[in-house]
Every structure is written in C-alpha cells, then in structure tokens.
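Every number here is computed from the coordinates shown, using simple stated rules; none is lab data. Remember, predicted model here, so these are calculated numbers, not experimental data. Heads up, the Cβs are rebuilt from the backbone with ideal geometry, glycines too, and the neighbour counts pull from every protein chain shown.
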Amino acid sequence: MLAKHNHSQKQGANMGRLVLTRRPGESFIINDDITVKVIRVDHSQVKVLISAPDDVEIWRNELYRKMKKENDKELVKHGRDG
C-alpha cells in the first residue's frame, strides 16, 4: 500500500510531509526517480544513500542554508539585476 502524506502551507507553497520508519537496507522512493536507502544506524546518526538523476542537486541542509544566505547577500550588495 502506498503511504499518503499530509499537505501543509509554508511560505505560500504546498509542501508534502511524511514520517517513515525504515531499517538498514530499506528504502523509499520520491517522484519515481529518487531513491533514499538507509545504509546504517549508529546511535544518533543515520547513514543514507541517495540515488537521483544527475540534474537533481542534493545538499546537506546546513550547507544549503549557508550558501543561500551568502548568495542573497551578494544579490543585495550588487542589486538583483546585476
């Protein structure tokens, strides 16, 4: 059976949310072309393998937020039109 997810409003965009329980070796699929597999669980760390098409960017949240913040600063500094 396919899992259903709840939609919620966040900053004006629809975002799906789903909480799953997976064991090492188990996986889940996003949009037919992204697979997330649990490789190992050690105490408070979970190691996952993400398989996605080459055009899909995958970032750790903290690095993405840092990069976005720096890019936003540059846009303000130089103006949005360059």
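Per-structure values
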quantity	calculated
Total formal charge among the other residues, if their Cβ is under 13 angstrom from that of Val38, Lys/Arg +1 and Asp/Glu -1	+3
Environment charge of Lys69, counting only residues whose C-beta is closer than 14 Å and scoring Lys/Arg +1, Asp/Glu -1	+1
Normalised contact order of the stretch 21-78, rounded percent, pairs of Cα under 8 Å and 6 or more residues apart	21
GluC sites (Glu not before Pro) restricted to the stretch 29-82 and DSSP loop, no more than 10 other C-beta within 10 Å	Glu57
Residue-wise HN-Hα coupling along the stretch 73-78, computed from phi with Karplus coefficients 6.51, -1.76, 1.60 (Hz; x: Gly, Pro)	4, 5, 4, 5, 4, 9
Relative contact order for the stretch 9-49, counting Cα pairs under 8 Å that sit 6 or more residues apart, in percent	26
For Ile30, distant residues with modelled amide H under 5 Å away	Thr35, Val36
